[in-house]
2 protein chains.
Amino acid sequence: MNHNTYICRMESDCIKCSVKPKVAGVACVCCLDPSKTNHATVQFVKGDMIIKQGNYSTNVAFLRKGMVKIHLAGPSHEQIVRIVKAPAYLGLPTTFGNKINQYSITAISDAQVCYIDIDFFRALLKENEQFSYGIILELCKNELESFRRCANRTQKQARGNLADMILDFATNIFESDTFLLPISQSEMANLVDTSRESISRMLSEFAKDGVIRMTGKQLEIVNKNSLLLISQNG
Amino acid sequence: MNHNTYICRMESDCIKCSVKPKVAGVACVCCLDPSKTNHATVQFVKGDMIIKQGNYSTNVAFLRKGMVKIHLAGPSHEQIVRIVKAPAYLGLPTTFGNKINQYSITAISDAQVCYIDIDFFRALLKENEQFSYGIILELCKNELESFRRCANRTQKQARGNLADMILDFATNIFESDTFLLPISQSEMANLVDTSRESISRMLSEFAKDGVIRMTGKQLEIVNKNSLLLISQNG
DNA sequence: TATGTATTGTGATTCATATCACAAAATATT
DNA sequence: AATATTTTGTGATATGAATCACAATACATA
């Protein structure tokens with residue numbers, strides 16, 4: 001896997017920006033940058049680190065294409081907080097907070113990120129209230145989601161959380177009941193708060209019970225109801 | 001305990017608002033409401049529910065005085081997400097999101113809440129960019145805090161989390177090494193993700209080991225270093 | 001194609017904690 | 001003060017899941 005990244009200014013591409021501003025908050029700023037001089041697009045390969053915990057942050061990043069994982073160093077091991085797919089802003093909390101990235105973001109598929117000049121971004125927030133309202137909205141949604149997830153992870157037992165992960169992939173990320181698992185089993189473990197071995201065991205178990213079908217990283221949900229039951233659990 | 005609440009319009013009190021706008025985001029809107037007609041102050045008693053999960057929300061709430069717990073119904077039991085003390089906005093995510101409260105907020109001390117008309121609040125966001133920037137800042141801080149907490153709670157073991165809770169009370173909430181625990185042991189359990197029994201055992205253990213001293217709900221940190229060690233753990 | 005590296009599968013064992021089951025305090029409420 | 005109700009203390013037991021320890025693949029690159 002080649003982790004070289006290259007910067008390419010894609011202003012022309014940004015003009016006919018493929019990421020249409022559906023909701024104000026998740027529009028690429030490119031679309032709002034008439035001079036097209038305040039942003040640059042960077043291509044990442046699967047495995048590349050886009051934002052690195054502990055580094056000083058100078059830009060706002062907007063994920064135009066691809067999938068990433070948000071992760072941070074926990075007290076004993078790496079914790080994957082969430083999987084995010086385009087389009088989405090990355091690392092907003094850092095942008096506003098203390099400038100030091102509090103978590104890392106790594107591409108788990110090839111990805112395209114638009115870096116936006118921070119001053120330009122701030123100016124935009126000021127003058128475009130639609131936009132800033134959209135950002136607030138997105139932040140709020142994230143907070144609620146965080147709460148929900150945290151409660152689940154700590155209260156449910158491992159199989160319930162794994163079921164949730166699978167359902168989340170199918171429903172929110174891939175929007176299909178068949179998909180290629182974008183992360184390894186140890187990553188799943190860090191996402192779902194178990195051990196790698198438990199993930200392996202549980203996946204085989206789900207397969208044996210006819211809940212899912214697996215061929216390598218290809219996963220198919222065979223019995224969604226069972227999965228939902230496991231999620232609600234007992 | 002008497003849970004009757006009464007509404008009292010305290011416009012005069014709000015004029016000489018004791019909650020000075022230090023940071024834009026955590027200023028009571030009262031201070032920015034010249035006509036003083038868009039807000040009302042309500043007094044709550046310890047134990048009162050200020051915001052109820054599942055209810056429709058019509059106002060923005062600003063906690064002027066007191067302490068509250070943010071909690072939500074988890075899959076198996078109530079989860080306390082965080083303890084918050086004044087001054088702070090309560091339930092912003094709901095305000096912007098879908099209007100149905102996604103979590104409850106309950107007073108754990110007597111508390112004073114300022115309810116602000118939502119349209120007024122929005123208008124303010126629009127016209128006062130300082131203010132909206134402050135709100136964004138606070139939301140971002142919350143998100144980071146959520147991540148950190150979630151990683152800790154799931155990775156550390158029980159005694160580490162309890163140590164963290166005690167340190168958090170001392171450092172952030174009471175700003176003193178001696179304080180009155182504002183919640184019961186079962187609440188602590190829900191905050192720290194253990195069982196009530198474990199909390200009881202661990203507290204006695206900490207006391208036996210000379211890390212803390214306890215007389216009823218009065219807690220004194222005797223050896224902060226030990227507590228920090230337990231937090232980092234092993 | 002070959003060789004090193006990362007990922008996955010599976011058993012045996014250990015361990016931290018939840019649960020259960022009461023007793024004892026402490027706090028409300030009449 | 002007297003009774004009810006919530007909170008707390010503590011032992012015994014059960015259990016989910018981590019850890020350890022390898023074997024077996026799969027994958028990447030020389």
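The values are calculated or read from the model by the stated rules, or taken from the named source; none is laboratory data. Remember, it's a predicted structure, so these values are computed and weren't measured experimentally. Cβ sites come from the backbone with ideal geometry, for glycine too, and all protein chains shown count toward neighbours. Accessible surface is based on the protein model in full, side chains and every heavy atom, while ligands, DNA and RNA are left aside. Shrake-Rupley method; radii C 1.70, N 1.55, O 1.52, S 1.80 Å.
Using a probe of 1.4 angstrom and keeping all protein chains present, the accessible surface of segment A:156-232 works out to 48 square angstrom per residue. Based on Cβ point charges of +1 for Lys and Arg and -1 for Asp and Glu, what charge dipole magnitude is obtained for segment B:156-232 about its Cα centre, in debye rounded to the nearest 20? The dipole of segment B:156-232 has a size of about 200 debye.
Please state, to two decimals, what the Cα-based radius of gyration of segment A:97-234 comes to when divided by 2.2 N^0.38 Å (N = residues). Kindly include the intermediate steps, with their values, before the conclusion.
On the way: Rg = 18.5 Å, N = 138, 2.2 N^0.38 = 14.3 Å.
Normalised Cα radius of gyration, segment A:97-234: 1.29.
A rounded overall shape is assigned to segment B:156-232, the ratio a/c of its alpha-carbon gyration tensor axes (a ≥ b ≥ c) being less than 1.5. Between residue B:213 and residue A:73, the FRET efficiency from the beta-carbon distance, with R0 = 45 Å, is close to 0.85. Across identical copies of the chain, residue B:217 has label-point separations of 5.3 nm, listed in ascending order, with the point defined 7 angstrom from Cα along Cα→Cβ. Projecting label points 7 angstrom from Cα along Cα→Cβ for residue A:222 and residue A:195 puts them 2.8 nm apart.
When chains A and B come together, the accessible area they lose, probed at 1.4 Å and totalled over both chains, is close to 3500 Å². Near residue A:196: Cβ cut-off under 14 Å, other residues only, Lys/Arg at +1 and Asp/Glu at -1. The net charge is -3.
Across the identical copies, the label point of residue B:58 (7 Å from Cα in the Cβ direction) is separated from its matches by 5.2 nm, in order from shortest.
Within the shell of other residues whose beta carbon sits under 15 angstrom from the beta carbon of residue A:228, the net charge comes to -1, with Lys and Arg scored +1 and Asp and Glu -1.
Residues in segment B:130-140 carry Karplus couplings, in order, of 3, 5, 5, 5, x, 5, 4, 4, 5, 4, 5 Hz; the curve used is 6.51 cos²θ - 1.76 cosθ + 1.60 with θ = phi - 60°, and Gly or Pro positions show x. Compared with the alpha-carbon gap, the fully stretched path from residue A:52 to residue A:180 is longer by 43.5 nm at 0.36 nm per residue.
Measuring against 32 Å, Cα to Cα, the residue pairs B:46/B:224; A:99/A:217; A:65/A:141; A:99/B:217; B:69/B:224 contain A:99/A:217; A:99/B:217 as the ones spanning a longer distance.
Packing here is the average count of other Cβ atoms within 10 Å per residue, and on that basis the peptides B:100-107, B:215-222, A:114-121, highest first, run B:100-107, A:114-121, B:215-222. Between copies, residue A:109 shows label-point distances of 4.9 nm, shortest first, with the point placed 7 angstrom from Cα along Cα to C-beta.
Across the residues of A:84-95, average count of Cβ atoms on other protein chains within 10 Å? It would help to have the intermediate numbers written out before the result.
Numbers: counts 0, 0, 0, 0, 0, 0, 0, 1, 4, 11, 3, 2.
Whole-number average of other-chain Cβ neighbours for A:84-95 is 2.
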